[in-house]
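This report refers to the structure that appears directly beneath it.
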Amino acid sequence: MVADHSLDILWPAFLAGLLVLSTHVPLGRMVLDRGIVFIDLAIAQVAGLGVVVSDFVGWEPNGWSVQASAVAAALVAAAFLIWTEKHLAALQEAIIGVVFVAAASAEIILFGFNPHGAENLKDLLVGQILWVTPEQLIPVAIVYALVLAAYIFGDLTRRRALFYAAFAVTVTASVQLAGVFLVFASLIVPALAAGITGTRRPLPFGYAFGVLGYIIGLLCSAFLDFPTGAAIVCALALMLAGTIVAAAARGKLAAR
């Protein structure tokens, strides 16, 4: 939270938000097209479980071993979901839900052995984007650049394995910056808003929508002392509600 109303502390968080949106807006469109909306929550929880397991075994909190554990967990989940999409396509959304609740439950069990488990669980879900440092953003920016290259040149729409792998790596990096809830909101809400309005330029619309939501949420955090991640999620959700109402009032509510 920001008690002194100084805006200087918000810049790293805003830059982190721009990075998250850079990959999540285009990937969000693909998730909606595939009809697997909750894949982000599931893989984010599994990546978080990898972090929790690393902490449980005593690895350095910010070390590469933790990152490797989180990425490995997310990739295993992605590989499993690739298989289920191929063999159990009609049940994919239900399976994604089971993966989410199983990973979340395993985290709760492991946090039970940690005296700070409740606070750690809150950080994992809501995130600590306000306390991100510029140094933390450099490796994330490199990862996101590779993911965007895969999106632009890799034909992720047809290459299912590459899509899931890129998605898993992206979410793993994002959840450690922003938390599970904000990562999900950044992925789904801008893409959903673009789909509702039926805009012919969904990517620019999604980016503008997401950036405005982050600005509003960060300012609410600064001046109203709201938890930052939760404030951004609520700002995005309220903007989405306004978009739905406005589109319906104009008779231009898109079907998808």
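Taken together, the values in this text are just the output of simple stated rules run on the coordinates, not laboratory data. On a predicted model such as this, the values are computed, not experimentally measured, just so you know. Neighbour counts are summed over all protein chains in view; Cβ atoms, including those assigned to glycine, are modelled from backbone coordinates with ideal geometry.
Where does the chain land at 222 nm, in deg cm²/dmol rounded to the nearest 500, when only DSSP H runs of n ≥ 4 count, each adding -39500 (n - 2.57), divided by all residues?
Values: 10 runs with 199 residues, N = 256.
Only helices count here, giving -26500 deg cm²/dmol.
At 0.36 nm per residue, minus the direct Cα-Cα distance, what do residue 200 and residue 138 gain on full extension? Give it in nm, one decimal, please.
19.0 nm
Among 177, 21, 203, which one shows the biggest mean-square fluctuation in a GNM of the chain, springs joining Cα atoms closer than 10 Å?
Between 177, 21, 203, it is 203 that shows the largest mean-square fluctuation.
Let me check against my output: what whole-number percent is the relative contact order of the stretch 147-208, with C-alpha pairs under 8 Å and at least 6 apart?
Rounded, it is 18 percent for the stretch 147-208.
Who wins for biggest fluctuation among 151, 164, 214 in a Gaussian network model of the chain, springs between alpha carbons below 10 Å?
151
I'd like the FRET efficiency for residue 105 and residue 249, computed as 1/(1 + (r/R0)^6) with the beta carbon distance as r and R0 of 41 Å, rounded to 0.05.
In this case the efficiency is close to 0.45.
Residues of the stretch 124-156 with amide nitrogen under 20 Å from the 7 Å Cα-to-Cβ point of residue 238?
Residues passing the 20 Å test: 126-127, 129-130.
Go through the stretch 132-200 and name the trypsin sites (Lys or Arg not before Pro) that are in a DSSP coil and have 16 or fewer other Cβ atoms within 10 Å of their Cβ.
Details: sites: 158, 159, 160, 200; in loops: 158, 159, 200.
Loop-located and lightly packed - 158, 159, 200.
In whole percent, what relative contact order does the chain give with Cα contacts below 8 Å and a gap of six or more residues?
Averaging sequence separation for qualifying contacts and normalising by length gives 30 percent for the chain.
Full-extension gain between residue 86 and residue 33, please, as 0.36 nm times their residue separation minus the C-alpha to C-alpha distance.
Result: 17.4 nm gained on full extension.
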